[in-house]
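The next block holds one structure in the form of structure tokens; read it before the comments.
All of the numbers you see were taken from the coordinates with simple rules; none came from a lab. All values derive from a computational prediction rather than experimental measurement. With ideal geometry, Cβ positions are generated from the backbone for all residues, glycine too; neighbour counts draw on all protein chains shown.
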Amino acid sequence: MKFLQTPLLGALLIEPELLRDERGFFARTFCSEELHKQGVSSQIVQCNISYNRLRGTLRGMHFQREPRAEEKLVSCIRGAIFDVIVDLREGSPTLGKWFGVELSADNHRLLYVPKGLAHGFQTLTDDAEVYYQMSEFYSPAHASGVRYDDPALKIIWPLPVTVISEKDRLYQDFQP
């Protein structure tokens, strides 16, 4: 596994090393020992799949508040997405900054999202599936978000937003 630093402190882009042969390929996408060497010591307690029927669908920007803040390891296992994280951590040198990257079934990349970052994505293809590994159980009482189109964050989405939930559309603006 190859670990690449992102512009947001502690967030990592992970590129699996594909071992190819006549059958196809094999790749390790999770290794607690390798992650620990990168400063990630959380345990995975929950995994989720998000299926998204239409290109242009937007989900986000989500996070959980303390004491149920969560780390995520996100991958796209079908189709392609533009994955975005926003630093919401008070005192962070990258507070209010965002980073976006394409994750796809073809590039096999994963994004490690530390606690205190909001996460969301937009589908670049129809029938996109996103696989999440989570360090914390989902807690509706601690679930929150910020607006995907908050003028202070200035996130540049690659496509017009064609599908979004009412809940995601109505999140508050980011308040540093």
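Could you list log10 I(q)/I(0) for the range 77-176 at q = 0.10, 0.24 Å⁻¹, which the Debye formula gives when each Cα is one point scatterer? Scattering profile of the range 77-176, log10 relative to I(0): -0.28, -1.55. On the basis of the beta-carbon distance and an R0 of 45 Å, Leu19 and Lys97 show a calculated FRET efficiency of 0.80. Subtracting the Cα-Cα distance of Ala105 and Ile156 from 0.36 nm times their residue separation leaves 16.1 nm of extension gain. Magnitude of the charge dipole for the range 93-134, about its Cα centre and with charges confined to Cβ atoms of Lys, Arg (+1) and Asp, Glu (-1), is about 420 debye. Pairs of C-alpha atoms in the range 1-111 farther apart than 18 Å represent 57 percent of all such pairs. Peptide packing for 58-68, 82-92 was compared via the average number of neighbouring C-beta atoms within 10 Å per residue; ordered from the highest value, the list is 82-92, 58-68. Across the range 42-169, the mean sequence separation of Cα contacts (distance under 8 Å, 6 or more residues apart), normalised by length, yields a relative contact order of 42 percent.
Sorting the segments 115-122, 36-43 by their mean number of nearby beta carbons within 10 angstrom, highest to lowest, gives 115-122, 36-43.
Taking the Cα centre of the range 42-169 as reference, the dipole from Cβ charges on Lys and Arg (+1) and Asp and Glu (-1) amounts to some 140 debye. Each of Phe30, Pro7, Pro114 was placed along the dipole of the range 5-126 (beta-carbon charges, centred on the mean Cα), and the one lying farthest toward the positive end is Pro114.
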